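Here's the structure we're looking at; comments come further down.
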Amino acid sequence: MTEPTSKPTAATQITLLSEQLEALNRAYHLDDDPLVTDAEYDRLFRELETLEAAHPELLTALSPTQRVGATPRDGFQKVRHALPMLSLSNAFADDEVVDFDRRLSDLIGLEANEQGGCEAIEYLAEPKLDGLAISLRYEQGELVSAATRGDGTTGENVTANIRTIRVIPLKLLGDDWPELLEVRGEVFMARAAFAGLNVRQQAQGEKLFANPRNAAAGSLRQLDPQVTANRPLTLFCYGWGEHSGQLADHHRQVLEQLGSWGLPICPLIKVVSGVAGCHDYYQQMVEQRPDLAYEIDGVVFKVNRRSWQAEVGQVARAPRWAIARKFPAEEALTRLLAIDVQVGRTGAITPVARLEPVQVGGVVVTNATLHNEDEIRRKKLRIGGRVIVRRAGDVIPQVVGMAPDSFTDDPGTLNSVDDFQMPKLCPECDAVIVREQGEAAYRCSGGLSCPAQRKQAIWHFASRTAMDIDGLGEKLVDQLVDAGLLASVADIYRLEHGQLAGLDRMADKSAANLIAAIDNSCQTTLGRFIFALGIRHVGEATGVAIADNFGSMAGLLAADLATLEQIADVGPVVALSLREFLDEPHNRQVVDELLQLGIQWPVIEPKQQAEQTLAGKTFVITGTFSRPRPEIKADLVRLGARVTGSVSKKTDWVAVGDSPGSKADKAAELGLAVINEAQLDQLIEG
Ligand code: 9MJ
């Protein structure tokens with residue numbers, strides 16, 4: 001007679017079964033090597049479920065049975081990344097990679113060798129996956145949260161969805177991982193999985209995805225994790241964020257460490273030497289690309305030695321030590337049907353090519369921007385003729401030019417675009433179209449009284465990277481503006497359920513969802529809010545930089561031009577645009593109304609709200625320091641100082657690192673205060 005299952009044996013069995021199932025998950029999803037039949041996997045899974053049902057006290061969130069446990073939510077919570085999630089600078093040609101390598105050699109200070117060249121920098125070369133970036137946080141080896149990149153500073157909490165992706169370990173293998181480890185990587189969908197998903201979508205009468213990237217993004221951003229669980233997502237890790245302890249000295253070695261803890265790493269990564277090595281790797285990937293199981297849109301080169309990565313630091317929101325070498329854009333031939341003009345968010349009037357629908361790089365293109373009148377003439381575009389259309393990744397499609405054979409078409413059917421005239425009046429509001437001095441662009445002078453500008457300003461405000469109001473898309477904004485319900489962005493927060501439910505095609509439930517999404521958007525970040533205002537030249541990264549600098553809207557409103565220009569990412573043009581926007585009484589009123597209507601953000605850490613102890617002081621920094629110069633500049637600016645590039649009598653302090661240039665000599669000549677790194681740190685720390 002067998003004994004009834006006693007608790008210790010059940011616990012051991014549960015551990016063994018969990019480990020076995022996770023190993024099978026890895027083999028199946030990561031190595032493409034199903035070690036057992038589906039029936040055997042299901043049997044083991046059910047055995048574990050039965051044991052857990054009999055011993056609920058032994059059930060943990062880390063069990064393979066709990067990957068799809070969570071119930072649907074109302075929305076995604078925002079998460080501030082402990083360390084920003086950076087993106088990559090792009091190179092579209094070989095010489096841009098040469099420039100990148102040269103820049104790094106200079107920054108690192110590599111000596112020229114006898115041949116006159118430099119010691120070659122070692123790079124880790126990786127395929128560039130076309131999915132969406134994700135950050136996984138492990139504490140004591142257990143997956144505790146996962147967030148999308150979002151704007152790089154704040155993302156969305158997608159933990160429940162990420163847990164359904166079977167290649168992602170819920171628990172790290174081994175025992176030598178740091179207690180805290182944030183891992184960064186790309187979630188994507190393999191080509192075959194994508195094709196299969198679309199077949200199922202079609203069979204169920206659901207919408208088809210344009211490409212694997214959209215399918216991956218759409219699948220991860222599902223409110224119901226059950227839906228994500230049925231989507232064939234996978235992941236490769238390529239980096240890390242916050243962590244405790246020490247990681248290895250070279251990027252490649254850290255990825256190997258991550259691999260040893262069960263995290264999936266792309267098998268095609270390779271250490272290469274110098275520009276020549278980068279070039280060879282790029283060529284290899286161009287050749288392999290059609291046969292890869294997943295789509296890539298380029299390759300990435302990263303300085304392998306981590307001490308050098310730290311030395312060169314980052315710019316705005318991309319590391320200086322990495323570059324994405326993108327593959328050439330895809331092109332297709334189609335017919336130019338007409339040229340219309342379109343009014344942009346800031347009133348810019350742009351000619352648009354209307355095209356016969358054509359597939360380019362996985363999406364159907366029907367419109368393409370023509371930028372300006374000169375471009376139409378330069379390209380000798382002819383309505384009715386055949387044109388080459390190009391599309392690269394997420395970039396707006398472009399008309400490259402007329403197809404070589406297009407002029408052999410019957411000229412009688414073609415209208416020369418020499419006939420194209422920029423209209424005198426805005427096609428949307430009849431206001432006069434003006435061309436500001438020194439500007440190439442024409443603009444509608446109607447401002448926010450132009451419905452096209454108003455609609456786009458509102459649409460931009462609600463968009464995902466701005467205030468992120470789920471459901472308030474282009475069509476609905478059009479409808480609400482046309483119905484007279486939205487005159488400004490502040491009106492969004494005055495909408496009532498009754499008003500929405502009265503609209504065409506708006507069910508009661510959709511109206512309730514929209515009101516909830518609007519309420520939800522009140523909790524935002526200052527960076528997003530600044531970006532959402534739609535100030536000319538102020539993009540996502542600039543919004544974040546301004547927010548980090550001032551920490552509050554009051555600080556920004558009070559800042560003069562010189563102060564604004566000191567912010568990393570802000571030059572004279574952006575500073576002027578900010579000041580003009582903020583000085584416009586109508587804009588000020590809308591900002592005040594929005595704040596009164598309840599928009600708020602977490603108070604930025606005291607570090608960024610520092611007292612202006614160096615207000616009005618001017619610094620020049622020269623030579624090499626133990627940390628990147630942009631970081632030092634950011635610290636000084638945060639404390640109210642100005643950092644300039646040249647030494648003059650107006651300079652208060654010249655901070656001198658190792659191997660300073662002529663600026664140190666000039667400072668001595670002028671008798672200025674020269675300080676070393678330790679003294680500079682003392683000033684910063686007050
Ligand atoms: C992709 N998309 O494959 C990075 N990436 O590194 C790789 N992205 C990256 N690296 C730093 N391989 C920021 C982004």
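Just a few scattered comments:
- Shape call, the chain: gyration tensor on alpha carbons, a/c limit 1.5: rounded
- Inter-label distance for Asp95 and Ala483, nm, one decimal - labels placed 7 Å from Cα along Cα-to-Cβ: 5.6 nm
- Rolling a 1.4 angstrom probe over the chain with all protein chains present gives an accessible area of which 50% lies on carbon and sulfur atoms.
- Cβ-derived FRET efficiency at R0 35 Å, Arg536 paired with Glu631, nearest 0.05: 0.75
- Using 0.36 nm per residue and subtracting the Cα-Cα separation, the extra length available between Ala558 and Glu256 on full extension is 103.7 nm.
- Hydrodynamic radius of the stretch 461-570 per Kirkwood, over alpha carbon pairs, in Å: 15.3 Å
- Spacing of the two label points (7 Å from each Cα toward its C-beta) at Asn676 and Lys207, in nm: 6.3 nm
- The stretch 122-326 shape via C-alpha gyration tensor axes, a/c threshold 1.5: oblate
- Alpha-carbon centroids, the stretch 6-56 and the stretch 279-352: separation in whole Å: 42 Å
- Three-way shape label, the stretch 447-521, alpha-carbon gyration tensor, a/c 1.5: oblate
- Computed from the C-beta positions of Glu119 and Ala39 and an R0 of 56 Å, the FRET efficiency is 0.45 to the nearest 0.05.
- Extension gain for the segment Ser648 to Arg464, taken as residue separation times 0.36 nm less the Cα-Cα distance, is 61.7 nm to one decimal.
- Between Arg103 and Leu595, the FRET efficiency from the beta-carbon distance, with R0 = 35 Å, is close to 0.25.
- Given Lys617/Lys666; Lys633/Lys663; Lys207/Lys326; Lys617/Lys663, the pairs whose alpha carbons are separated by over 22 Å: Lys207/Lys326
- Taking every protein chain into account, the accessible area of the stretch 495-641 amounts to 46 square angstrom per residue (probe 1.4 Å).
- Solvent exposure of the stretch 7-66 amounts to 59 Å² per residue of accessible area, where only protein heavy atoms count and the probe is 1.4 Å.
- The stretch 618-685 - percent relative contact order, Cα under 8 Å, separation 6 or more: 38 percent
- With protein chains left intact and a 1.4 Å probe, residues in the stretch 190-309 average 44 Å² of accessible area per residue.
The values are calculated or read from the model by the stated rules, or taken from the named source; none is laboratory data. If you're wondering where the values come from, they're calculated on a predicted model, not measured in any experiment. Please note: Cβ atoms are built from the backbone with ideal geometry, for glycine as well, and neighbour counts cover all protein chains shown. Areas reflect the complete protein model, heavy atoms only, side chains present, ligands, DNA and RNA absent. Shrake-Rupley method; radii C 1.70, N 1.55, O 1.52, S 1.80 Å.
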